[in-house]
Amino acid sequence: MNLPVVVDITLGLVFIYLILSLLASEIQELIATFLQWRAKHLKKSIELLLAGGSQTKGSDIPDEESDITKAEELVQKLYNDPLINTLNQQTQEKIEKHLRVVTKKIDKKGLGEKQSGPSYLPSETFAITLLDTLKIPQLINHVKHPSEESKTNLHMILESYKQLKDGINNKTSPVHLKIQEIYRDIEDPEFRNIVNNLPNNVPDNLIKSLSVIAQRSRIKVGDLTEEMNQFKNEVETWFDRSMDRASGVYKRNAKGVAILIGISIAILTNTDTFYLVKRLSRDSVIRSTITQSASQRTDYINDSNARIQIEKLLENASIPIGLQNLNQQFELDTKGLNSDRVLLIRIWQFVKLICGWIVSGLAIAMGAPFWFDILNKVINVRNAGPKPVAYTKDQPSQK
């Protein structure tokens, strides 16, 4: 087998994987949209962020809610805020319409009336919404001397945050004097109204995290007003870094789903890599047809409309996949073979078929962008490099 044939076989395999990867990507995108994977993962990631990474539901103290439970309630308040609520989109609308036609059993509170959560949340929106929900800016407006000469800072405000309600309503409380030192007039009706409307279930770990961020902000600036602006920026950075980690988790989970979808497509389409190599190496007509289709459609496949033309590509390229090839895959000349030998060969053929499906499924799970890049490189190797630039009168050749 000479090098051009090997390159053509490689090109044919890459082309097949690319087409099936486009199909797998479309299926995964539909599933992710319908099940709201991104929105649910984002919401769960924010809950863990506010809970300080704690995933424990239970509590050793009776009637005391865990941080994750408090975080869930707080996140629900954040999602009800107009800034975040307006980011919600009806991403499932078209799919749900088809589902209602099929089932005809969706009640009045079914999928059609539910609004999916946002799949992406800007850090600035998160920081503004969180601080506004915790009423931090309103509390700062009531401090005694919000200037650089004052000893009052965000860390002190957050440190007494959880005891504010008890402090203003109970003069015997140990924190009462501390609150008097921080705020102007704790008997002011407006201030008391703000304190009494503070969220009840704020995770302890969230206040600790915000206190650490506040200390970091205090180091950079002195004035309380500037400190608040710096504090908001630090909260945005805190959110971005957490979402970067959450994005990595989502991609790992998505890769697992992509592998399952890839193997399923390989089985349903009977895409056996070992059989493909065998057919491409022996059948020059199929090999030539696929390589020509791949070369002619390189730019076309990169276009988003390629997904609509997948079936046409499969038909035009005469790709040797499908259940109709099973007879050839299990073809065996039994002359001169005893029954035990035939049985062993049949078992080996079956194991080989399953391994071929798995290899194809893993290849499909690599994704269309990966195979498109490989396709371009293989075509360049096959064509002995890229085409030279065509010079015109306006662009004379260099001497």
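For this structure, a couple of remarks:
- When restricted to residues that are open to solvent by 20 Å² or more (accessible area, probe 1.4 Å) and either farther than 25 Å from S66 by Cβ or among the acidic types (D, E) (or both), the stretch 201-219 contains 5.
- Where helices (runs of 4 or more DSSP H) fall wholly inside the stretch 14-118, the ranges with 3 or more residues that are at pLDDT 85 or above and open to solvent by less than 50 Å² (accessible area, probe 1.4 Å) are 37-50, 67-80.
- Which numbered condition R341 fails, given (1) within 17 Å of N270 (Cα to Cα); (2) modelled with pLDDT of 80 or more; (3) over 34 Å from the mean Cα position of the chain (by Cα): (1)
- Among the numbered conditions (1) closer than 14 Å to Q163 by Cα; (2) open to solvent by 20 Å² or more (accessible area, probe 1.4 Å); (3) not β-branched (V, I, T), the only one that L198 does not meet is (2).
- Scanning the stretch 140-161 for residues that are at pLDDT 75 or above and either open to solvent by less than 90 Å² (accessible area, probe 1.4 Å) or not in a loop (DSSP other than H, G, I, E, B) (or both) yields a total of 11.
- Test: L224 is farther than 28 Å from K44 by Cβ and open to solvent by less than 10 Å² (accessible area, probe 1.4 Å): yes
- The stretch 162-204, residues that are touching a Lys or Arg at 6+ places or on another chain (Cβ under 9 Å), under 17 Å from L131 (Cβ atoms) and in a helix (DSSP H, G or I): I194, V195
- Every condition in (1) at pLDDT 65 or above; (2) of a type in the set (D, E, K, R); (3) open to solvent by 50 Å² or more (accessible area, probe 1.4 Å) holds for R287 except the one numbered (3).
- Checklist (1) part of a helix (DSSP H, G or I); (2) modelled with pLDDT of 80 or more applied to T225, failing item: (2)
- Exactly one residue out of Y275, Y250 is in contact (Cβ under 8 Å) with a residue 60 or more places away in the chain, hydroxyl-bearing (S, T, Y) and either out of contact with any Ser or Thr (no Cβ under 9 Å at 6 or more places or on another chain) or within 22 Å of T133 (Cα to Cα) (or both): that is Y275.
- Only a single item in (1) within 32 Å of the chain's Cα centre (by Cα); (2) outside any helix (DSSP H, G or I) is not met by S247, and it is number (2).
- D333 falls short on exactly one of the conditions (1) within 44 Å of the chain's Cα centre (by Cα); (2) farther than 30 Å from E29 by Cα; (3) modelled with pLDDT under 80, and that condition is (1).
- Every listed requirement among (1) at pLDDT 75 or above; (2) surrounded by fewer than 18 Cβ atoms within 10 Å (Cβ to Cβ); (3) within 21 Å of A24 (Cβ to Cβ) is met by M366 save one, (2).
The values are calculated or read from the model by the stated rules, or taken from the named source; none is laboratory data. Note that the structure is predicted; figures quoted are calculated from it, not measured. Neighbour counts are summed over all protein chains in view; Cβ atoms, including those assigned to glycine, are modelled from backbone coordinates with ideal geometry. Side chains are part of the model used for accessible areas, which takes the heavy atoms of the whole protein and leaves out ligands, DNA and RNA. Shrake-Rupley method; radii C 1.70, N 1.55, O 1.52, S 1.80 Å.
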